[in-house]
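Colleague: I'd like to ask you about the structure that follows.
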Amino acid sequence: MHNYIFYLIFLLSISMQKSDAQNTYDTLKLNGIPNNSYDNFKNKQLPTSAYLIVRNKNTGKILFETNINNGKCIECYDKLTNRADSFYLKKDFSNAILLYSTAFKLNDDKGKVKHRLNSACCYVQLNDFNSAFEELNRIVFVGKFYNAYTLTSSDCLKPLQKDARWKPLLDEMIKNIESIQKKLETETNTHQ
């Protein structure tokens, strides 16, 4: 999906060959990083416990680090998204995407609408419309988002409105609104 995103998360697998493991261990020891650290947990089985390090792709600067269990860290969501929001506001879209994506991944691929929208805006700024639509589709098709005004009035999403995928997104929001209206009518009729 976003291969470059998880490039920055360091992964040391227990199943590595001894020489590779020793070289990596020596490097980690020199940097003061625990030897059960991960660089990429995409498509790999995580151990019960690991140390996650998220680094800037260009500078190697650590953006976030924590212990994770079973590939999850629900309590990390707010910390990660707060850092991502600060990068977003500074227009550092690459680092913002990295932290948003990590937050979603560690939170069972769940994310708040605000953060998914910010992530989509970051992707638009980096001309990655496919990933932007993936974020919007999660909000609308899975999360049943229905606030068309938020999407249509957002300046950062304007470039997507020319794309053929925009109309189906709006059509689904209309269905979401209709579904909510039916539920409200049903509840109103039940209470009368």
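The values are calculated or read from the model by the stated rules, or taken from the named source; none is laboratory data. Small disclaimer: the values here were computed from a predicted structure and weren't measured. Note: ideal-geometry Cβ built from the backbone for every residue, glycine included; neighbour counts use all protein chains shown.
Colleague: When you scan region 85-100, do you find a residue that is closer than 26 Å to residue 163 by Cα, in contact (Cβ under 8 Å) with a residue 40 or more places away in the chain and buried (at least 17 other Cβ atoms within 10 Å of the Cβ), even just one? Step through it out loud before you land on a result.
Modeller: At the first step, the residues of region 85-100 found to be closer than 26 Å to residue 163 by Cα are 88-89, 91-98, 100.
From the residues that got through so far, the ones that are in contact (Cβ under 8 Å) with a residue 40 or more places away in the chain too are 97-98.
Checking the rest, the ones that are also buried (at least 17 other Cβ atoms within 10 Å of the Cβ) come to 97-98.
The answer is yes, given that some residue of region 85-100 is closer than 26 Å to residue 163 by Cα, in contact (Cβ under 8 Å) with a residue 40 or more places away in the chain and buried (at least 17 other Cβ atoms within 10 Å of the Cβ).
Colleague: Among what's in region 133-164 and is closer than 18 Å to residue 122 by Cβ and basic (Lys, Arg), pick the residue that is surrounded by the fewest Cβ atoms within 10 Å (Cβ to Cβ).
Modeller: Out of the qualifying residues, it is 158.
Colleague: For residue 108, indicate whether it is modelled with pLDDT of 95 or more and farther than 25 Å from residue 90 by Cβ.
Modeller: Numbers: modelled with pLDDT of 95 or more: no; farther than 25 Å from residue 90 by Cβ: yes.
Considered against the rule, which asks whether it is modelled with pLDDT of 95 or more and farther than 25 Å from residue 90 by Cβ, residue 108 comes out as no.
Colleague: Still on this structure, please answer the following. Which residues, counting only those in region 141-168, are at pLDDT 95 or above, among the aliphatic types (A, V, I, L, M) and assigned to a helix (DSSP H, G or I)?
Modeller: 157, 160
Colleague: Which residue, of 131, 179, is in a helix (DSSP H, G or I), at pLDDT 95 or above and not basic (Lys, Arg)?
Modeller: Details: 179 fails: at pLDDT 95 or above.
Criteria check complete, one pass: 131.
Colleague: A further question follows. Exactly one of (1) under 13 Å from the mean Cα position of the chain (by Cα); (2) polar (S, T, N, Q); (3) over 17 Å from residue 169 (Cβ atoms) is unmet by residue 131. Its number?
Modeller: Every condition holds for residue 131 apart from (3).
Colleague: Could you identify the single residue in 57, 91 that is modelled with pLDDT of 95 or more, closer than 23 Å to residue 156 by Cβ and in a loop (DSSP other than H, G, I, E, B)?
Modeller: Values: 57 fails: modelled with pLDDT of 95 or more.
Matching residue, one of 57, 91: 91.
Colleague: All but one of (1) within 22 Å of residue 127 (Cβ to Cβ); (2) at pLDDT below 95 hold for residue 96; state the number of the condition that does not hold.
Modeller: Condition not satisfied by residue 96: (2).
Colleague: Under 6 Å between Cβ atoms, which residue pairs at least 6 apart in sequence (or on different chains) link something in region 104-116 that is under 24 Å from residue 150 (Cα atoms) and part of a loop (DSSP other than H, G, I, E, B) with a partner that is at pLDDT below 95 and among the charged types (D, E, K, R)?
Modeller: Final answer for the pair search is none.
Colleague: Looking at residue 126 and the list (1) under 20 Å from residue 100 (Cα atoms); (2) surrounded by 17 or more Cβ atoms within 10 Å (Cβ to Cβ), which single condition is not satisfied?
Modeller: Every condition holds for residue 126 apart from (2).
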